[in-house]
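Right, one structure below, let's go through it.
Derivation of every value follows stated rules applied to the coordinates shown; laboratory data play no part. Everything numeric here is computed off the predicted structure, so don't read it as measured data. Quick reminder, even Gly has a Cβ in these numbers, built from the backbone with ideal geometry, and neighbours come from all protein chains shown.
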Amino acid sequence: MSPPVSGAGPSLGTGRDKSGPNAIRRLVSRVCDGATAHGFRSSFRDQPGETGVEREIAELCLAHVVGDSNERIYARSDLLEYRRPVIQR
């Protein structure tokens, strides 16, 4: 297990939570100089495409909307059992 990163999580003493909308951006910036959260997501999207994972599963792993509004009405599964092995690679 990785050690905790300083600055991630609740702020001790202030009562403020540091997990706001820019928390991931700040964390990535601190840990990997010059890296961006978008870069991580882009790299993650490339890997499933290169290893034969279906496009729909890869997009759902990134929490992207898949299909048009009519298709989404009937496709109610989150396909978790298919997404889990992709994310755990």
Check: In what sequence do CYS32, CYS61 fall when counting other Cβ within 10 Å, fewest first?
Finding: CYS32, CYS61
Notebook entry, point to check: Going by average Cβ neighbours within 10 Å, how do the peptides 40-49, 79-88 rank, with the highest at the top?
Noted result: 40-49, 79-88
Item checked: Cα-only Debye scattering, segment 40-87: base-10 log of I(q)/I(0) at q = 0.28 Å⁻¹ -> -1.09
